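Reading through the structure tokens given below for one structure.
Please treat every number below as a calculation from the coordinates, not as lab data. Everything numeric in this text was worked out from a predicted model, so none of it was measured. We place every Cβ from the backbone using ideal geometry, glycine too, and count neighbours over all the protein chains shown.
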Amino acid sequence: MEITEININIRGEERLKGFVNVTFDDVFVVRGLKVIQGNSGLFVCMPSRKMQDGTYKDIAHPIRNDFRQELEKLILDEYHRLLETDGEEEAT
């Protein structure tokens, strides 16, 4: 399976840094991932749904840890690339 597109909508909030959509093999999209500023740096949250008891459950997530790490790296790399691009555009 190949990640063919990562689309990030940058947010300027204190903890929520962006909403992410990821496309796989140009045929399947997962929407609603989030880039979050945590206490020890940025991380990616999978799409989730709030349950009646107030907890959240992922509705889509990687099963293997190596794929989760790869996906998070690609998303955070794209997030940083977009920040750099936006900074360059504002400077001109």
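Summary table
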quantity: Identity of the residue in region 6-63, part of a loop (DSSP other than H, G, I, E, B) and touching an Asp or Glu at 6+ places or on another chain (Cβ under 6 Å), that ends up surrounded by the most Cβ atoms within 10 Å (Cβ to Cβ); calculated: M46
quantity: Which numbered condition I75 misses (of (1) in a loop (DSSP other than H, G, I, E, B); (2) of a type in the set (A, V, I, L, M, F, W, C); (3) in contact (Cβ under 8 Å) with a residue 60 or more places away in the chain); calculated: (1)
quantity: Filter pass, F28 being within 19 Å of T4 (Cβ to Cβ), without any contact (Cβ under 8 Å) to a residue 12 or more places away in the chain and aromatic (F, W, Y); calculated: yes
